[in-house]
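One structure is given below, encoded as structure tokens.
What follows is calculated from the coordinates using simple rules that are stated; it is not laboratory data. Since the model is a prediction, treat every value here as computed from it, not as a measurement. Heads up, the Cβs are rebuilt from the backbone with ideal geometry, glycines too, and the neighbour counts pull from every protein chain shown.
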């Protein structure tokens, strides 16, 4: 029997409690335990993915009970891919963010790592489970931990952002739970596969329609689809960097996965696209989400907040793609879960590096970044190009599938929204690039220190120079003194940049081995 | 804005009403919820698990994986209170009472030290003399509440009860101590370290039992696999496994209740409060 599906969820769970206990012996220990737990989880996820690719869907019976009676984990190609994405991002972020955590919340770092692991447990559990109620319990864990960690962020505004998120998030979770309640009354089962079989016989039922709308609405609130997105920008902007880096790429993407999972494996695509007539309205909603996200991002003056609105825009891509009602659109949406996870992660890694060196990422603080942090900016530019959709980065390929899907479905407004938002993203990123490249720091241009590939030199004096520059009295401009982030952060960014290119180059392989077999 | 709110509420209400049209009748014995899985549980639970309380069996065995995460949710709540409220800065003002004379001393400078001992007693800002009747009654009640809590935990597989309820009752006995005496008395007896270790250890007992089953070659939480480890009737092994996880749940819930209480009443300072 293969215990890997259980291990990939349990490793971080056990790690969380051991990390909590170890903090009483030695504070540093909890970080290493967290790292080890995530490494084990990562390994298990990769092994599950290879198993699922070679031998098909995997089932794991919790406590040994057969599915409709007990809870099962059921791992299709789709979840296996998302599981690898989650565990890899959570692991890499743990390596990259250790210094940010020290800088921002040093006094309660061990508890931060415990919460972090529990958050990842929630995401992995949501993705692996094959049980509707278990999904709710794990959404509860992810939400509770993310409320807490967001409130740990910005001293002045973090709490309010978290409180907003609590109110809206709780409503979202209750909608989903209510939907599951309706499903249970009409089917008597909580197992997704079992429910799917029973639902085939009662498709006309009004209770099933209500259940479907409630579940999908709940998930939409959690993923911040446009009119329901108001909690997201502040929550992600004011979260501590170490957490923002993992919640921004993963939380919304996992919720998109949940939506796709509910659509494909519980309610069934025939029910959604042939019995119900909601698809056109949802695609229009996605179009508004894309345009609203993109244009609101234009008005932001803070890099983190701009990225948060770009996330709102990207959610529109995925929801729209999934609701186009053809295989191309669904392929694009699923591929975009992977790609957007990677791109957003790279962008937030870069932002975290900048925050580590400069404390703030308002546009006025960004001048001279290309000279000061060339490696970080290289990663940022690559991720930015990927968001815009420039080949060979991965962002291009998912957009390509989405556009093809839109044309096949005759949803020209969706294709137009994709193109317009790409142009807006281009404007956004080139605006940022311009500020970072040409925006000169106060004072006369100073001497140029040649780009030193060793980024770990003399951070403190450079930071000091910056403090002087901000006071506006520096005689030499420090803009061109290199003040790059520590190697661990750069290595993580480099790794993710390579992944962005690789996901682009191998997009065809991913679609053919993972997404298309899943959809059939 | 109010108008939009009204429209949305009406739409949601309409949807919920519309959804009830196809629901089975109230108490209908033929409805899916009472035929699909319930029959299986009612017919097989006693035979498969030897536990007479069906609710406990579904909760701690068939759906034990859910319950494990519910315990983790409780743990998260406690940790969240600690993370967000705990304030390690020393309090600005401190109050002492000179026991023989009853004179109250107020220290405004945090650096001034005074060792609380026989002569001086640490006291709270909103201090009122402890009422002898309340103190005595609570002192008598607390042990019985705790025994009852242990009974509720241990008897969960026979009668209504279990780890969550027992843990809450036990936690409330400790909170009663803090209310009837003062927070200091509680914090002195039940330290923060003790509570956090218990909170983590409680959930760890649950997960540990599951992992032990996995190491014995079964699925996660498959209590049946633990039979070789315990010198008991193998038929009762699932009931014993459930008792084990209920004890874990009880410990975690007890500790988290107290952590939440202490952090909220003392605004994270753990020195004085209700």
Q | Taking A:364, B:34 and counting other C-beta atoms within 10 Å, the order from fewest to most | A | A:364, B:34
(Q) Just to confirm the number: angle between the C-alpha axis of helix B:132-154 and the first principal axis of chain B, 0 to 90 degrees, nearest 10? (A) 30 degrees
Q) Per the Kirkwood formula on distinct C-alpha pairs, the Rh of segment A:72-134 is how many angstrom? A) 13.0 Å
(Q) Angle check, please: helix B:192-215 long axis (alpha carbons) against the longest principal axis of chain B (alpha carbons), in degrees 0 to 90, nearest 10. (A) 20 degrees
Q: Give the whole-number value, in cubic angstrom per residue, of the convex hull volume spanned by the C-alpha atoms of chain A.
A: 134 Å³
Q: Taking the Cα atoms of chain B, report the difference between the largest and smallest coordinate on each principal axis, in whole Å and largest first.
A: 75, 67, 37
Q. Relative to the longest principal axis of chain A, what angle (0 to 90°, nearest 10) does the C-alpha long axis of helix A:132-151 take?
A. 20 degrees
Q) Any number yet on Rg/Rh for segment A:97-253, C-alpha, Kirkwood? A) 1.05
Q: Let me see the pair-distance distribution of segment A:191-319: every alpha carbon pair, 5 Å bin width, integer percents in order.
A: 2, 11, 19, 21, 16, 12, 9, 7, 4, 1, 0
Q | Rg over Rh, two decimals, segment A:174-238 (C-alpha only, Kirkwood Rh) | A | 1.13
Q: Please work out the C-alpha center-to-center distance from segment A:197-218 to segment A:1-45 and express it in whole Å.
A: 38 Å
Q.
Mean-square fluctuation check for chain B, GNM, Cα pairs under 10 Å: which of B:57, B:149, B:213 is largest?
A. B:213
Q | Average Cα contact separation per residue, chain B, under 8 Å, 6 or more apart, as relative contact order % | A | 24 percent
Q) So, by mean Cβ neighbours within 10 angstrom, what's the order for A:378-386, A:26-34 with the highest one leading? A) A:378-386, A:26-34
Q | Rg [Å, one decimal], Dmax [Å, integer] - segment A:1-148, C-alpha atoms | A | 15.5, 49
Q: Would you calculate a helix-derived [θ] at 222 nm for the protein assembly as shown, using -39,500 (n - 2.57) for each DSSP H run of n ≥ 4 and dividing by the full residue count, to the nearest 500?
A: -23000 deg cm²/dmol
